[in-house]
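Each remark here refers to the structure printed beneath this line.
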Amino acid sequence: MRGHYKKWAPALLQEHPEWVLSSPDAIASFFAEKPLLEIGGGKGDFAIMSAEKGLPILSLERDTSIAGLFLKKVLSLENPQLPLKIWNIDFDLAYPLLVDYRFSSIFLNFPDPWPKKRHEKRRLLTKERLLKMMSLLTVDGHLRLLTDQENLYLFALKEAEKASLSVEEATSSYHFKDEEPISEYGRKFKEAGQPIYCLLLKKGDAQ
């Protein structure tokens, strides 16, 4: 997700360390609960809904302006007890800092498809990145991709096969369950009746 630059966003993020993560080591107790990890948090709908259900979640959002909008939404809830942390960082930069921590599930909700062939290496679903993500999961953990882009779905499936990952589900007709946490784009595509592709990968013995 991209948006217009918000000049106020960097300062706002710095003003709220209770929500915004600067270093994983600062909140080791949070990671003891084996939280969820969302890569590409957008404006926060999925993470907030998950946290409201009592599910601890760390949401990475690399775009500072979008992370600022995410934080504004959290602050408007006036609920200081939500088990939620926002981290304004790219996954490639976050990964080396997360290698000692484990997550029960990883979610990629409608990531940027980078559709052009020359941008293929920028996609979050490359073999190399998938292997890194899977290494962060608990033994029984899962990684789930949702996308409206068939080409990205097929690319991810191919990369998962290259990495010898265990595919638990691969469908072009994903349906959200009642009360299931849903992202802004997920809600948009659901209401429009657009096909939603889902790839669910299971932690394997090799990871």
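The values are calculated or read from the model by the stated rules, or taken from the named source; none is laboratory data. What you see is a predicted model; the values in this text were computed from it and never measured. Note that each Cβ is placed from the backbone with ideal geometry, even for glycine, and that neighbours are counted across all protein chains shown.
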> Would a scan of region 146-155 turn up a residue that is in a strand (DSSP E or B), under 17 Å from L201 (Cα atoms) and either over 17 Å from the mean Cα position of the chain (by Cα) or touching a residue at least 40 places away in the same chain (Cβ under 8 Å) (or both)?
Replying inline: yes
> Residue check: is G193 of a type outside the set (K, R), at pLDDT below 95, surrounded by 18 or more Cβ atoms within 10 Å (Cβ to Cβ) and farther than 25 Å from E33 by Cα?
Replying inline: no
> What are the residues in region 129-139 that are at pLDDT below 95 and either touching a strand residue (DSSP E or B) at 6+ places or on another chain (Cβ under 8 Å) or buried (at least 17 other Cβ atoms within 10 Å of the Cβ) (or both), if any?
Replying inline: none
> Which of the following residues is among the polar types (S, T, N, Q) and in contact (Cβ under 8 Å) with a residue 60 or more places away in the chain: T126, T138?
Replying inline: T138
